[in-house]
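In what follows, a single structure is set out as structure tokens and then discussed.
The values are calculated or read from the model by the stated rules, or taken from the named source; none is laboratory data. Worth saying up front: this structure is predicted, and the values here are computed from it rather than measured. We place every Cβ from the backbone using ideal geometry, glycine too, and count neighbours over all the protein chains shown. The accessibility values were calculated without ligands, DNA or RNA, using every heavy atom of the protein model including side chains. Shrake-Rupley method; radii C 1.70, N 1.55, O 1.52, S 1.80 Å.
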Amino acid sequence: MAAPRSFVWTRRIVLTLLTVFALLPVYVMLSASVKPLEDTLGEWTWIPDSFTLRPYVDIWETVPLARYFMNSLIVAGAATVCSVVIAVFAAYAVSRYRFRGKRVFTVTILSTQMFPGILFLLPLFLIFVNIGNQTGIALYGSRGGLILTYLTFSLPFSIWMLIGYFSSIPRDLDEAAMVDGCGPLGALFRVVVPAAVPGIVAVAVYAFMTAWGEVLFASVMTNETTRTLSVGLKAYATENNVYWNQVMAASLVVSVPVVAGFLLLQRYLVAGLTAGAVK
């Protein structure tokens, strides 16, 4: 049965408005990134009067953007890998085995999502400083400390989501793998993990995007050497000037890895989030 024409046109209008709403900021960024600095400081024009690609070259010289980019890539990548690996083992144990304190563990994991991240900022800062003073392990101002910080709020969600996903996979598959000679770890890596790829990808994307764009903890827990992109972009604003064209150019450049990764993994991401929503 065909949809009424009024519904079709309403849907087209709504989708068009949503598309314009989503793409308009991107166009503003792109337009400002190809303007000379003096044009961005004057009256705004939708179509650039002068076109230049110089801001895309200057962004690497005005601030150490390459170092910030590498720091973000290392921190976000390591936080993602650690989050996924730990969450896979924890979720598999909770979904497959009975043990004392299982319910308390799952409730505790879920309850951590109730608190805003800013509540953990001062405690983590004090813990890292005290560990550094007593053991000599420099967590404050290091990449390792920032990775541990991001694990505190990405890992609970990852575990909770994978528990629901693993619980939906029939245990008969594990038993069949063990009959064929696999142990618990063999059943996990040969049967459960391949069947849970969409959920694992969804968790990985969530952990990466959370670490990639986080600002609050990165601004406190890093120094000039370990500063990430989300904080480093502020360096384009000096006491005398704000390089708006370079800010927009840098914002577009640093968003490329996230956008490219999302486009490549969106099939798994949508499948994982949809499955997790109904389990």
Completion exercise
Calc'd 3J(HN,Hα), the stretch 106-115, phi into Karplus 6.51 cos²θ - 1.76 cosθ + 1.60 (θ = phi - 60°), Hz, glycine/Pro = x, comes to 5, 5, 5, 4, 5, 5, 5, 7, 7, 9
Completion exercise
In deg cm²/dmol, rounded to the nearest 500, the helical mean residue ellipticity at 222 nm of the chain, built from -39500 (n - 2.57) for every DSSP H run of length 4 or more, is -23500 deg cm²/dmol
Problem - ³J(HN,Hα) computed for each position of the stretch 248-261 - Karplus, 6.51 cos²θ - 1.76 cosθ + 1.60, integer Hz, glycine/proline x - result: 5, 5, 5, 4, 5, 5, 6, 7, 4, x, 5, 5, 5, x
Problem - Förster-model FRET efficiency, 51 Å R0, VAL107 and ALA237, C-beta, rounded to 0.05 - result: 0.70
Completion exercise
Checked against the positive end of the charge dipole of the chain (+1 on Cβ of Lys and Arg, -1 on Cβ of Asp and Glu, about the Cα centre), the farthest of VAL81, ASN133, LEU110 is LEU110
Exercise for the section: Mind jotting down the three principal axis lengths of the stretch 226-266 based on Cα atoms? Whole angstrom, largest first. Expected result: 42, 24, 9
Handout entry: Only Lys, Arg (+1) and Asp, Glu (-1) charged, at Cβ; the stretch 105-240 dipole about Cα centre in debye
Key = 260
Handout entry: Label-point separation, VAL26 to ARG11 (7 Å along Cα→Cβ), nm
Key = 2.2
Problem - Rounded FRET efficiency, nearest 0.05, which uses the C-beta distance separating PHE120 from LEU18 and R0 of 51 Å - result: 0.90
Handout entry: Nitroxide proxy distance, nm - points 7 Å out along Cα→Cβ at ARG100 and ARG171
Key = 2.1
Practice task
Would you tell me the accessible area of LYS234, worked out with a 1.4 angstrom probe on the heavy atoms of the protein chains, in Å² to the nearest 10?
Solution key: 130
Completion exercise
SASA check, GLU214, accessible area w/ 1.4 Å probe, all protein chains in place, rounded to nearest 10 Å², comes out at 20
Exercise for the section: Name the longest site-free stretch of the chain, where the excluded sites are chymotrypsin sites (Phe, Trp or Tyr not before Pro) in a DSSP loop with no more than 16 other beta-carbon atoms within 10 Å. Expected result: 100-279
Fill in the blank from the handout: Scalar couplings 3J(HN,Hα) for the stretch 187-197 by Karplus 6.51 cos²θ - 1.76 cosθ + 1.60 (θ = phi - 60°), nearest whole Hz, x for Gly and Pro, are 5, 5, 7, 8, 10, 6, 4, x, 6, 9, 4
Exercise for the section: Mind computing the radius of gyration and Dmax over the alpha-carbon atoms of the stretch 63-242? Å is fine for both. Expected result: 19.4, 72
